[in-house]
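Read the structure below first, then the notes.
Any read-out appearing in this document is the output of simple, stated calculations on the displayed coordinates, not a laboratory observation. None of these values were measured; they are calculated from a predicted model. Note: ideal-geometry Cβ built from the backbone for every residue, glycine included; neighbour counts use all protein chains shown.
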Amino acid sequence: MRFSTPGAGLSVGLVSILYNQGGFDLMLKAIAGLSLLTVVGAVIFPKEKRAI
């Protein structure tokens, strides 16, 4: 059975594009920005309630 992870291929492509555009610094800033956005979203949006 073969498992496919399209997200992994997308992230590798994004990292290579960012590295080619601005080097390692831009790549780290973009990853830090996405991580910060994820943390802020987790703080803002409430947890899902369990269905009974």
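Computed extension length for Asp25-Val12: 3.0 nm, one decimal, from 0.36 nm per residue of separation with the Cα-Cα distance subtracted. As a rough guide to protection, the peptides 40-50, 18-28 ranked by mean Cβ packing within 10 Å, highest first, stand as 18-28, 40-50.
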